[in-house]
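Chemist: Dropping the structure in here first, questions after.
The values are calculated or read from the model by the stated rules, or taken from the named source; none is laboratory data. Here the structure is a predicted model, which means the values were calculated and not measured. With ideal geometry, Cβ positions are generated from the backbone for all residues, glycine too; neighbour counts draw on all protein chains shown.
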Amino acid sequence: MLCFKGGTIMLEMPERNRSILAVLAVVIGLFLLIVVPFLVQNSLDPVLEELLEVVKERPQFRSGISLFTLFYPLWRALSFVAGVTLLVSAPAIRQGQGWTLPVTLTAYAMPSIGGMFMFLPFVSWVEGAFPIPLIIAFAGLIGFWATLALRNTDRVHKAADLLAFTFIGMLATHAFVIGVGAQRQLMTRPGKPLYEGLEWWILTMTGDINWIAAAGLLISIPLLIMRRKAGWYLAVISAASILLIDAPAQLVRTKTLDYLYGSLLSIGVLLWLSIPAFRQRLLGEHANAAQLKSDAPQITLDDSPGKPAVAS
């Protein structure tokens with residue numbers, strides 16, 4: 001369990017669980033360092049090859065070449081640094097040092113989000129091939145979920161962690177994808193540099209707001225796992241921002257359901273964060289309430305001589 005004392009965090013979990021997490025950190029860290037760079041390139045190349053053929057007849061997709069050439073390598077670099085982080089953290093994980101929890105959870109989020117982002121263009125443009133980016137995503141998710149599940153917490157707390165953090169990651173991924181999609185369409189919009197109506201200039205809002213919210217959601221992960229209220233509020237603000245822009249955007253841009261999916265994911269994040277039993281455990285309020293109850297004076301109805309009415 002996580003104990004807060006004097007502003008420090010102590011990570012207490014069985015030695016066996018710490019050993020499992022340390023081994024996972026080494027294995028997944030090496031995978032991110034050695035294997036993932038090649039997997040990303042083998043994912044990017046066929047996407048670009050297909051797009052080069054597509055743009056001959058549909059030039060509006062030319063912007064995808066520039067964006068994927070930028071963001072695939074970016075997520076490869078983030079995953080590489082995440083791998084280094086996991087390898088460096090492994091001995092401290094084995095020792096149960098509390099700082100490793102927010103650090104490793106954030107590190108695992110990088111390949112999880114990046115892999116799912118790279119998966120979507122791959123399945124959209126490359127037909128009949130195994131979706132390589134899924135390997136990257138699930139490598140990160142295995143470490144992400146194991147870190148949450150192996151903590152020494154009760155079942156309700158585990159459910160709160162798994163649902164809240166998984167939905168935060170899913171929404172961050174979707175928000176990043178929405179941002180990329182908005183930029184892709186803006187780069188090849190009709191009448192450029194002008195905006196031909198609301199359906200086009202609203203993309204300047206949906207894209208940027210989703211990107212800002214995605215960053216907020218990512219930052220909320222290490223803060224929330226440390227039971228910081230700032231993390232909870234940052235996740236709520238980011239999810240609410242996405243909901244308040246995606247819902248009206250879906251009414252304007254009706255040819256896609258992407259904004260509906262973003263709205264539903266936002267509602268999911270807000271729901272899991274707001275359920276009282278979940279919120280109490282995510283912020284440590286449940287443990288604090290239990291501690292206060294155990295420390296409270298015991299009141300007895302026995303007021304016979306020689307016995308105090310309140311025993312402290």
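Chemist: Say whether the condition of being assigned to a loop (DSSP other than H, G, I, E, B), in contact with a helix residue (DSSP H, G or I) (Cβ under 8 Å, 6 or more places away or on another chain) and free of Cβ contacts under 8 Å to residues at least 40 places away in the same chain is met by at least one residue in the range 43-57.
Modeler: Of the range 43-57, the ones assigned to a loop (DSSP other than H, G, I, E, B) are 55-57.
From what's left, in contact with a helix residue (DSSP H, G or I) (Cβ under 8 Å, 6 or more places away or on another chain): 55.
After this cut, where a residue has to be free of Cβ contacts under 8 Å to residues at least 40 places away in the same chain as well, the list is 55.
Among the residues of the range 43-57, at least one is assigned to a loop (DSSP other than H, G, I, E, B), in contact with a helix residue (DSSP H, G or I) (Cβ under 8 Å, 6 or more places away or on another chain) and free of Cβ contacts under 8 Å to residues at least 40 places away in the same chain, which makes the answer yes.
Chemist: For residue 234, are the conditions met, namely being at negative phi, surrounded by fewer than 17 Cβ atoms within 10 Å (Cβ to Cβ), in the same structural domain as residue 173 (by TED's automatic domain parsing) and modelled with pLDDT of 95 or more?
Modeler: In short, no.
Chemist: Mind telling me which of the residues 98, 64 ends up being part of a loop (DSSP other than H, G, I, E, B), surrounded by 14 or more Cβ atoms within 10 Å (Cβ to Cβ) and in the same structural domain as residue 110 (by TED's automatic domain parsing)?
Modeler: Working: 64 fails: part of a loop (DSSP other than H, G, I, E, B).
From the options 98, 64, the qualifying one is 98.
Chemist: Of all residues in the range 258-299, how many are modelled with pLDDT under 50 and surrounded by 12 or more Cβ atoms within 10 Å (Cβ to Cβ)?
Modeler: Summing the residues that are modelled with pLDDT under 50 and surrounded by 12 or more Cβ atoms within 10 Å (Cβ to Cβ) in the range 258-299 gives 0.
Chemist: Just wondering, is there one or more residues in the range 97-118 that are more than 24 Å from residue 162 (Cα to Cα) and touching a Phe, Trp or Tyr at 6+ places or on another chain (Cβ under 9 Å)?
Modeler: no
Chemist: Restricting the search to the range 128-166, which residues are of a type in the set (D, E, K, R), crowded, with 18+ Cβ neighbours inside 10 Å and outside any helix (DSSP H, G or I)?
Modeler: Listed by number, the list holds a single entry, 151.
Chemist: Residues in the range 238-250: is at least one surrounded by fewer than 17 Cβ atoms within 10 Å (Cβ to Cβ) and of a type outside the set (A, V, I, L, M, F, W, C)?
Modeler: yes
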